[in-house]
Structures are given as structure tokens and as C-alpha cells.
Ligand SMILES: Cc1cc2nc3c(=O)[nH]c(=O)nc-3n(C[C@H](O)[C@H](O)[C@H](O)COP(=O)(O)O)c2cc1C
């Protein structure tokens, strides 16, 4: 039997900072090109050289103003910001690459299925079958207000709504049969009308008539990615997802999450190999372990604890600016609900008796994404260990410096994984779906 192969997905944000809030200050960073499409085209080419399955853009549709009731902290910091529309960048990247999958985030809470179905069918055509949709249900009312709503629907309702959006999109994607275009110049028939159908989808929340004006794309529907972590979010993943992006903090957590999603899939009548689970990992690479450690120390010296506190405020929806930075988290008087969210965001930092400043710093370093720091061999050892211990089916690789980490990773870690027989030496499929199933 062929050795099980690891899958790799590259993490991108169309903005200046990614996980480490000081990385943009490193002179090697390409943050100055955050508005330049060539930055993204170049990253796509680097990742394709490394035979990555896909790259994917996270996306959030607001500038946050929770901290001090102003967006000043996020803009000046800067905190994480999402400058450009990923769908347009993905179209540009599609034209500069041939194999790598191209994943964009669109929220079911804000976009109509018709818009979603048409965008991804178009991207799938433009990329020759490499489109993926990271389905998010959104979790923040600031975004809702940008779309004319006061607040989001409750979480469970958001997921019921999202199920309908998926069904409606499927009905639209299926509205053209694969062989509908006949292009018969002799008889003067471009497409066979009998092979184009109304979608006529009618749910409790969404309706669409169809057909989609866009003929069926190479993959039929884009590869579905998803990252919900709640009970209801996992149920949704088990039904729809082909790639799950997740944040887990220890090997046992990863193993439990991996097993949980695969078990839920089986209960839904899906084979476990129909979905790959890919936890996020931050990477700091050096020629030796000690060079990597020095690089991490330098990067961390650029981190702003205040920007970290601002980002935590935005993530939990509570303004933490009234609290003294040197107050221990445990002594902070915030409401029960907000306390729970804070605990989740800080992932146990409170247990370590941190002050708010220390928590902000830690958040600013990696947003609590587990980091691997070391030489190519050390990093390959750790990825191999997690992969072989059934923690996951691959990884979402998050660079500490863009594009430097990607360049180093592709030049050094990828060949090491290939030598060990753990990773493809070339793309084998014609579409993203074929590559992730390979
Ligand atoms: C690792 C990870 C990455 C995510 N990335 C995004 C994102 O880019 N944009 C977004 O709107 N939501 C993002 N989310 C939010 C989820 O997709 C989901 O919509 C939200 O967490 C609410 O679902 P839940 O309650 O099941 O977690 C992410 C969640 C996780 C765990």
C-alpha cells in the first residue's frame, strides 16, 4: 500500500500583518506590498513550487473598533486587517499558476447563494478546476452592521441558514449538466437547453430560482473548506467539508479533534478520506535550531503587547482598554459570558497567572497558533510526528515572515519531507479535489 501522504495548505491574509503583530516591522517583510497583486502572485508561485495542495485567504469584513471605541488601535497598530477582496486576488493568482488550489473565504451570513455560486464557478473555470470555498458563518456583529443588519443570527440558526445556503449553491452548481455545451456549429446549437435546469431552491431562509448563467465548472462545485469549532460547527463540517482548518494546541487535542470529525463523517455516511483535517502551525525556520531561536526572539522583540490587547478586545467583543495592563487577568471584573470567550481566546493563558500585558504579548506573538521553531530537520521531524500520530492529515502552514518563511520552507523542509516519502514530489491530479484525495 502506498505511504499516506501529508497535505499542505498555505495561509494568507490580504493585509500587512498575519499572526505575529510585529512581523511587518521586520525589514525582510513584504508588508509594504500588501496592496500589490504581485505580492500574492509571487506567493502563489512559491507555494506551487513546493507542491502545496492549496493556499487560502482568511477574511473578515470589518475594521474593528471595540478597543477604546475606535478603530485607531487596529489601524495604527496594525492589528490584523483584510485589505483586498480575496476572490479578485485568487483570480489573479489563477493566471500565474497551474496546479495549486485557490481557496477564498465567503460568509454564508452575508452573501446570497447566487452570488457565492457564480463567483466560485467562475474561479473554478478561471483556474481549470482549482477553486475552494472556505465557508464561514461569521461571528461578529460589526460585520453584520456593514451589511445593514444590527446583529448576527444566533449561532445555531446561523448554521441552519448555512446548510440552506450550501443546498442552494449545490442546486445552482448542478443547474448545468457537464455535457450541456455541444458547440455544434453545423446545426447552430451552442448549448443543449435540455441539459440546463432551474434550481428552484426554496428553504426557510433562502430562495433561488436559477439556472446559474455560468455553465458547470471543471470540479462541478468548489472544494469545501470549513473551520467552525463549536458542536454545531463540527456537525456542519461532517456534512459538507472536504478540508477542515483548525486551531488545536496539543497533540492530544489534535488527535481528539481528528477522530471526532472522522467519526461524525462516518455517522453522516461519508468515508473518512473525503475530508482532510489540517491544523494551523506557525513556522520559524533557521539554518540551525539556534539560528531559528534567535530569529524567533528578534521577531518577538517587535511584538506590541498593546496591539495584542486591542486584537483580543476585537476577538471577544469587549473593550479591555479600561483595565490596567499590569493587572492579573484573574482579577479582571468582566461579565461571565465575556470571561468564557476570553478564556477560549487566551487558551489557558489565564491559568498561568498572566497580566493583561503579558496576555496581549502572547496573543501578539502567534494568536496562540502552535509554533514550530527550528532547523528544517527539526521542523520536518515534528510535522512527521504529528502526522504519523494521527493528529491530522496535513497542515495549514502559517509563515512568521512573508514571503521569507515560505521561500525557506519550500527550499528546505519540503525536500526533507519528500526524502522521507511523506509528501508528493509532483502534482498527480488535474483538479484540487483530485490532489487532496491523492
Ligand atoms: C482556525 C479558524 C479560522 C477561521 N477563519 C475565519 C475567517 O477567515 N473568517 C471568518 O469570518 N471566520 C473565520 N473563522 C470562524 C469560523 O469559520 C466560524 O464561522 C465561526 O468560528 C463560528 O463558528 P463556530 O461557533 O462553530 O466556531 C475561523 C475559525 C477558526 C477556528
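None of the figures in this text is laboratory data; all of them are computed from the coordinates on show. Since the structure is predicted, the reported quantities are computational estimates derived from the model, not experimental observations. Note: ideal-geometry Cβ built from the backbone for every residue, glycine included; neighbour counts use all protein chains shown.
Things worth noting here:
- Label-to-label distance, residue 294 versus residue 321, with points set 7 angstrom from Cα along the beta-carbon direction: 4.0 nm.
- Put simply, the convex hull of the Cα atoms in segment 246-331 casts, on average, a shadow of 9.5 nm².
- Expressed as a fraction of 2.2 N^0.38 Å, the C-alpha radius of gyration for segment 319-436 is 1.45.
- Cα-based shape type of segment 170-276, given that a ≥ b ≥ c are square roots of the gyration tensor eigenvalues and the cut on a/c is 1.5: prolate
- Report note on the peptides 184-195, 11-22, 161-172: ranked by the mean count of other C-beta atoms within 10 Å, highest first, their order is 11-22, 161-172, 184-195.
- On the basis of the beta-carbon distance and an R0 of 35 Å, residue 339 and residue 88 show a calculated FRET efficiency of 0.30.
- Classified by the C-alpha gyration tensor, segment 1-121 has an oblate form. Its axis ratio a/c, with a ≥ b ≥ c, is 1.5 or above, and a/b does not exceed b/c.
- Theoretical gain in end-to-end length, residue 207 to residue 72 [0.36 nm per residue, Cα-Cα removed]: 44.6 nm
- Label-to-label distance, residue 4 versus residue 181, with points set 7 angstrom from Cα along the beta-carbon direction: 3.9 nm.
- Computed packing ranks the peptides 126-139, 82-95 as 126-139, 82-95, most packed first, by mean other Cβ atoms within 10 Å.
- Convex hull volume of segment 281-330 per residue (C-alpha atoms, cubic angstrom): 122
- Based on every Cα atom in the chain, Rg and the maximum pairwise Cα distance Dmax equal 22.0, 80 Å.
- Measuring nothing but alpha carbons in segment 58-154 and taking Rh as the Kirkwood radius, the Rg to Rh ratio lands at 1.04.
- Euclidean distance between Cα centres, segment 1-63 to segment 380-436, Å: 14
- Prolate/oblate/rounded label for segment 59-114 (Cα gyration tensor, a/c 1.5): oblate
- Compared with the direct C-alpha span, the chain from residue 302 to residue 239 gains 18.5 nm at full extension, assuming 0.36 nm per residue.
- When the alpha-carbon atoms of segment 249-393 are used, the pair Rg, Dmax equals 18.2, 52 angstrom.
- Sorted peptide list for 61-72, 215-226, criterion being average Cβ within 10 angstrom, highest first: 215-226, 61-72
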